[in-house]
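Structure, as structure tokens:
The values are calculated or read from the model by the stated rules, or taken from the named source; none is laboratory data. Remember, predicted model here, so these are calculated numbers, not experimental data. All Cβ positions, even for glycine, are placed from backbone atoms using ideal geometry, and neighbour counts span all protein chains on display.
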Amino acid sequence: MPWAPDLSRRDLQPELIDQADLDAGRHLHALEGLVRINIFSGSAGILWPPIRDLISADPRRSWRLLDVGAGAGDLPLALWRKAQRAGFRLEVEGCDKSGRAVEHARQRAKRSNVPARFFECDALEDALPDGYDIVMSSLFLHHLDEPQAIELLRRKAAAAGRLMLVNDLERSWAGFTLAYWGVRLLTRCDVVHADGPQSVAGAFRLDEVRALCRAAGLEGYALKRRFPCRYLLAWKR
């Protein structure tokens, strides 16, 4: 590895995928690379158990889910499929500040024959719409500084009628090493090669996530480590 960050504290740096002037081809290539990473890391499987437990309490009704910072839209689609296989009715939607990502997610849903809705929304600037039972995000929180992360948690909790979820990276040497080599095995995208390890360097440790939750006023949350080098934050209303 060409660089070794000090992981005792966050090294939050701008990531290539967040650049507004990123070339369209590289952006779409990066989104597809992240889809592969979500598949490898089992992100949908990390998020599904608390969703399943909530839905199973009232399986006759239809439930609504919003993915904030949905990117390529693969996770809402995967969760919809899991709900279908379990015999549950789950309506899935996703939002992202990138119009290009939103259109890419819409095309993915169309190809997959999943009745998902995707729309543009800057979760830090725009009010999140209400009416959702579940509001989640995946690999989004580590892009933010502490005040932004606290605000995002507050906004998501306010929009979530029943359940708020965060699936994200935990900052550690194991996670950094896995990210550095894993992204190189899973994709040829130079954007993901650069952003993968940088994401871990900028990620929160669990004690830092707990501090964010306290600052956001989230009482009774559950925070657990998940393979590989992830955590799942769950908060119920």
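Can you confirm whether residue 123 is touching a helix residue (DSSP H, G or I) at 6+ places or on another chain (Cβ under 8 Å) and either in contact (Cβ under 8 Å) with a residue 40 or more places away in the chain or surrounded by fewer than 18 Cβ atoms within 10 Å (Cβ to Cβ) (or both)? So residue 123 fits the description; yes.
Quick one: in region 102-115, which of the residues that are among the hydrophobic types (A, V, I, L, M, F, W, C) and closer than 11 Å to residue 76 by Cα is surrounded by the fewest Cβ atoms within 10 Å (Cβ to Cβ)? Ranking the candidates gives 114 first.
Could you identify the single residue in 186, 223, 212, 232 that is more than 17 Å from residue 39 (Cα to Cα) and touching a residue at least 40 places away in the same chain (Cβ under 8 Å)? Exactly one residue qualifies, and that residue is 212. Among the residues of region 71-88, which ones are touching a helix residue (DSSP H, G or I) at 6+ places or on another chain (Cβ under 8 Å) and of a type in the set (Gly, Ala, Ser)? Passing the criteria: 71, 72, 73, 78, 83, 86. When the criteria are applied in full, residue 195 fails the requirement of being farther than 18 Å from residue 80 by Cα and not in a helix (DSSP H, G or I).
Per-residue answers, yes or no, for (1) hydroxyl-bearing (Ser, Thr, Tyr); (2) more than 21 Å from residue 6 (Cβ to Cβ); (3) in contact with a strand residue (DSSP E or B) (Cβ under 8 Å, 6 or more places away or on another chain); (4) touching a residue at least 40 places away in the same chain (Cβ under 8 Å):
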site: 181; (1), (2), (3), (4): no, no, no, no
site: 191; (1), (2), (3), (4): no, yes, no, yes
site: 196; (1), (2), (3), (4): no, no, no, yes
site: 207; (1), (2), (3), (4): no, no, no, no
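Residues that are surrounded by 20 or more Cβ atoms within 10 Å (Cβ to Cβ), of a type in the set (Phe, Trp, Tyr) and more than 16 Å from the chain's Cα centre (by Cα) do not occur anywhere in region 189-211. Can you find a residue that is crowded, with 17+ Cβ neighbours inside 10 Å, touching a residue at least 60 places away in the same chain (Cβ under 8 Å), under 18 Å from residue 200 (Cα atoms) and in contact with a His (Cβ under 9 Å, 6 or more places away or on another chain) anywhere in region 24-44? Yes, region 24-44 has at least one match.
Residues checked against (1) within 25 Å of residue 41 (Cα to Cα); (2) of a type in the set (Asp, Glu); (3) surrounded by 21 or more Cβ atoms within 10 Å (Cβ to Cβ); (4) touching a residue at least 12 places away in the same chain (Cβ under 8 Å):
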{"position": "59", "(1), (2), (3), (4)": "no, no, no, yes"}
{"position": "70", "(1), (2), (3), (4)": "yes, no, yes, yes"}
{"position": "92", "(1), (2), (3), (4)": "yes, no, yes, yes"}
{"position": "100", "(1), (2), (3), (4)": "yes, no, no, yes"}
{"position": "135", "(1), (2), (3), (4)": "yes, no, yes, yes"}
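Rundown of residues vs (1) modelled with pLDDT of 95 or more; (2) within 23 Å of residue 26 (Cα to Cα); (3) in a strand (DSSP E or B); (4) among the acidic types (Asp, Glu), yes/no style:
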position: 149; (1), (2), (3), (4): yes, no, no, no
position: 165; (1), (2), (3), (4): yes, no, yes, no
position: 181; (1), (2), (3), (4): yes, yes, no, no
position: 185; (1), (2), (3), (4): yes, yes, no, no
position: 199; (1), (2), (3), (4): yes, yes, no, no
position: 207; (1), (2), (3), (4): yes, no, no, yes
position: 213; (1), (2), (3), (4): yes, no, no, no
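Considering 118, 140, the condition of being of a type in the set (A, V, I, L, M, F, W, C), buried (at least 23 other Cβ atoms within 10 Å of the Cβ) and either under 23 Å from residue 81 (Cα atoms) or out of contact with any Leu (no Cβ under 6 Å at 6 or more places or on another chain) (or both) is satisfied by 118 alone.
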